[in-house]
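Here's the structure, in structure tokens; my notes come after.
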Amino acid sequence: MVKKRQEGGKPVPEIREVAFSAPAGRPAGMEVMTLAELRGRAAACQLSTPHRPGFHHLLVLERGRLAHCVDFREHVLEPGDLLWSRPGQVQHFGDLTGAEGRLVLFESGFLDPATAAAARIEDWYGPPVRRPEGVAARRVDEAMRQLHQEFGALGGLPLEVHLEVLRHLLAVLVLRAAFLGGPDRDGAADGEPNPTYLRFRDAVERDFTRSRRVADYARSLGYAPRTLSRATEATAGVGAKEFIDRRVALEAKRLLAHGDQSAARIADRLGFADATNFSKFFQRQTGSTPIAFRTAVRGGAQRVGG
């Protein structure tokens, strides 16, 4: 259930990349199911091992409790919680027994570009789990149920029309999920994202392998370093330097968990002078050496996957 590589003569499990695969006779690009249906699938046991899906998961839990790990952080969902994990994030499910709810799987390209941009669907910085309240909770539930009902109604409309209906219904759900934060989303009033933070965040995402210096980002964006730190602190809860370092550490975790590259090779990919500097940085950020982290993550996958 877990791919393995040979390392030092011993099999080493590797984090699986999972591509979207539409069920036979269903439209490509998205799927809607209940958690009961998910449990009934033969491949469901693989969900408990770390993997990297190339598509989005939108899950609304209705009954029970469910643990779900996203990018090496465990979240425990309660009824009413909404989980949104993005393509490329390392994740795995906990025990699905007793958990009931609905799950939407979709590729980014299934949505129209305007909706994808408005909802910032590739924004992995957003919290994976949100709790809708009051009217917002009812609207999310209605959108999810209508999408699920339409997905199961294949045959009532010409296929191309059915696809457009699904695309529009998914857009409603995604936009409601994206703006559950209301006025405080991204630390700005009136629902408008903080432009300074967003510019910095996007620059970090683009350039974190080239620079970890706040001064470099401030210069390229035309801000004072203190301005970037204030905006980042107000929005993300950490200063600009810590924000950069956390992004680098996350990428290091992904690379260590996913492949068999050496610490020296990963250090080079992430812009470190050598493996020693990278190891010191990684241990300072995570409390673990790169080798110990890789062993722990892969050892857990091997125990679960068999």
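The rows are residues; the columns are (1) at pLDDT below 90; (2) in a loop (DSSP other than H, G, I, E, B); (3) buried (at least 19 other Cβ atoms within 10 Å of the Cβ).
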{"site": "Ala231", "(1), (2), (3)": "no, no, yes"}
{"site": "Asp260", "(1), (2), (3)": "yes, yes, no"}
{"site": "Ala267", "(1), (2), (3)": "no, no, yes"}
{"site": "Phe272", "(1), (2), (3)": "no, yes, yes"}
Take the residues of the range 79-97 that are at pLDDT below 90 and part of a strand (DSSP E or B): which is nearest to Val174 (Cα to Cα)? Gln91
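Can you find, within the range 107-150, the residue that is surrounded by the fewest Cβ atoms within 10 Å (Cβ to Cβ) among those that are more than 26 Å from Thr232 (Cα to Cα) and among the acidic types (Asp, Glu)?
Residues of the range 107-150 more than 26 Å from Thr232 (Cα to Cα): 107-114, 133-150.
Still in the running and among the acidic types (Asp, Glu): 107, 112, 133, 141-142, 150.
On the way: Glu107: 17, Asp112: 14, Glu133: 11, Asp141: 17, Glu142: 13, Glu150: 18.
Only one residue tops the list, namely Glu133.
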Does the range 59-72 include one or more residues that are small (Gly, Ala, Ser), within 19 Å of the chain's Cα centre (by Cα), over 27 Å from Asp245 (Cβ atoms) and not in a strand (DSSP E or B)? no
If you check Arg86 against the conditions, is it buried (at least 18 other Cβ atoms within 10 Å of the Cβ) and in contact (Cβ under 8 Å) with a residue 12 or more places away in the chain? yes
Going by the structure shown, is Pro132 under 28 Å from Asn194 (Cα atoms) and in contact (Cβ under 8 Å) with a residue 12 or more places away in the chain? yes
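Is it the case, given these coordinates, that Ser48 is at pLDDT 90 or above and surrounded by 15 or more Cβ atoms within 10 Å (Cβ to Cβ)?
Numbers: at pLDDT 90 or above: no; surrounded by 15 or more Cβ atoms within 10 Å (Cβ to Cβ): yes.
Considered against the rule, which asks whether it is at pLDDT 90 or above and surrounded by 15 or more Cβ atoms within 10 Å (Cβ to Cβ), Ser48 comes out as no.
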Looking at (1) of a type outside the set (Val, Ile, Thr); (2) surrounded by 15 or more Cβ atoms within 10 Å (Cβ to Cβ); (3) free of Cβ contacts under 8 Å to residues at least 24 places away in the same chain; (4) farther than 24 Å from Gly88 by Cβ, which one does Asn194 not meet, given that it meets all the others? (3)
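Is the range 203-218 home to any residue that is assigned to a helix (DSSP H, G or I), touching a residue at least 60 places away in the same chain (Cβ under 8 Å) and not assigned by TED's automatic domain parsing to the domain that holds Pro50? Can you show your working first?
The first filter runs over the range 203-218 and keeps only residues assigned to a helix (DSSP H, G or I), leaving 203-207, 214-218.
In the following step, the residues that additionally are touching a residue at least 60 places away in the same chain (Cβ under 8 Å) were identified as none.
Within the range 203-218, not a single residue is assigned to a helix (DSSP H, G or I), touching a residue at least 60 places away in the same chain (Cβ under 8 Å) and not assigned by TED's automatic domain parsing to the domain that holds Pro50.
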Condition first: surrounded by 14 or more Cβ atoms within 10 Å (Cβ to Cβ) and within 18 Å of Pro127 (Cβ to Cβ). Now tell me which residues in the range 233-248 satisfy that. Glu233, Ala234, Thr235, Ala236, Val238, Glu242, Phe243, Arg246, Arg247
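The values are calculated or read from the model by the stated rules, or taken from the named source; none is laboratory data. Fair warning: this is a prediction, and the values are worked out from it, not measured in the lab. Backbone-built Cβ (ideal geometry, glycine too); neighbour counts: all protein chains shown.
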